[in-house]
Structure formats: C-alpha cells, structure tokens
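The structure under discussion appears below in the form of structure tokens.
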Amino acid sequence: MALPSSGRTNVMVGASTVLLAQAFPESEFIGYDYHSPSIDIARKRAAEAALNNARFEVADATGYKEKDFDLIAFFDCLHDMDDPVGAARHARQALKPDGNCMFVEPSQATALKTTSTRWDVYITVPHR
C-alpha cells in the first residue's frame, strides 16, 4: 500500500512518524500519544528535521477528535493498550470512507534455546 501523494495520516507516535513525514513531504502527519514526554521528544525530533508536515498531540488511542484520515497506522503498540478493540474501532470511525488502517505488531516465536521475533503486518480493507 502506498501513501497518497498528499493526504492526512494519523500515526501513533514513534520514530516512524518523523521518517514517514520525511519520506512523504506532501502528506500531513499527526502523531498521538497519551505520554506527554514522548510527544515532547517527537516535537523536538521533527523540529531538528525541519519538518512542517508533522505535528504531535497528547491523546490516547480512543481520545483523538480529528477525522477524515487517509491512513491510520499503529506500529508495535496495539498489544500494549488497555482497550485494543476500542482503539481499532475508534480508528475505523476516524477514517475517510476509502481510508485504510494498518497494524504492525511483533509476533514472538519461541523454540528450544532460541527466541526470534518476526513482524506481522495487518492491513484492513477500506470499509464502506
């Protein structure tokens, strides 16, 4: 899935927000996190990168008010949330009718004496 050449994207805060904003300068990125110090760090990193297409707000995954997102992405965070189903439901209602939601979550596989991590990507189809 490619990001639209210009559009609104909600990304839960992390290093990925700055990287995505750098890679897609015509898109607008909004990063949310309930942890205020994480928002402060994200704002600092965006300022250091001279980004004007990313902003960061304190909100939890069910509390942000904005709507009409082209893409909402969760990177390695859904499994830590108190209400992951509520977070996914909130994301769905915040999307444009043809928007997409992406979940990237680690999948742990354990064998005798070894542990490996692989990443599974889950992408929803647009809802109608």
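The values are calculated or read from the model by the stated rules, or taken from the named source; none is laboratory data. Every value quoted in this text rests on a predicted model; they were computed, and no experiment measured them. For neighbour counting, all protein chains shown are included, and Cβ atoms are generated from backbone atoms with ideal geometry for every residue, glycine included.
Do we find a residue being outside any loop (DSSP other than H, G, I, E, B), among the β-branched types (Val, Ile, Thr) and surrounded by 17 or more Cβ atoms within 10 Å (Cβ to Cβ) anywhere in region 72-83? Scanning region 72-83, I find at least one residue that is outside any loop (DSSP other than H, G, I, E, B), among the β-branched types (Val, Ile, Thr) and surrounded by 17 or more Cβ atoms within 10 Å (Cβ to Cβ), so the answer is yes. Taking the criterion of being part of a loop (DSSP other than H, G, I, E, B) and either touching a Pro at 6+ places or on another chain (Cβ under 6 Å) or among the aliphatic types (A, V, I, L, M) (or both), the residues of region 27-52 that qualify are 49, 50, 51. The C-beta contact set for region 28-47 (first residue more than 15 Å from residue 74 (Cα to Cα), second residue modelled with pLDDT of 90 or more and part of a helix (DSSP H, G or I), distance under 6 angstrom, 6+ apart or interchain) is empty. For region 1-47, taking the residues that are more than 29 Å from residue 83 (Cβ to Cβ) and of a type in the set (A, V, I, L, M), the one that is modelled with the lowest pLDDT is identified as 2.
When residue 67 is tested against (1) within 18 Å of residue 98 (Cα to Cα); (2) at pLDDT below 90, just one condition goes unmet, and that condition is (2).
Per-residue answers, yes or no, for (1) of a type in the set (Val, Ile, Thr); (2) more than 21 Å from residue 106 (Cα to Cα):
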position: 36; (1), (2): no, yes
position: 40; (1), (2): no, yes
position: 46; (1), (2): no, yes
position: 55; (1), (2): no, yes
position: 65; (1), (2): no, yes
position: 68; (1), (2): no, yes
position: 72; (1), (2): yes, no
position: 79; (1), (2): no, no
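When the residues of region 79-128 are filtered to those that are at pLDDT below 75 and among the polar types (S, T, N, Q), the one that is farthest from residue 59 (Cα to Cα) is 114. Test residue 50 against the stated conditions and say whether it is surrounded by 17 or more Cβ atoms within 10 Å (Cβ to Cβ), hydrophobic (A, V, I, L, M, F, W, C), at pLDDT 90 or above and farther than 20 Å from residue 102 by Cβ. Considered against the rule, which asks whether it is surrounded by 17 or more Cβ atoms within 10 Å (Cβ to Cβ), hydrophobic (A, V, I, L, M, F, W, C), at pLDDT 90 or above and farther than 20 Å from residue 102 by Cβ, residue 50 comes out as no.
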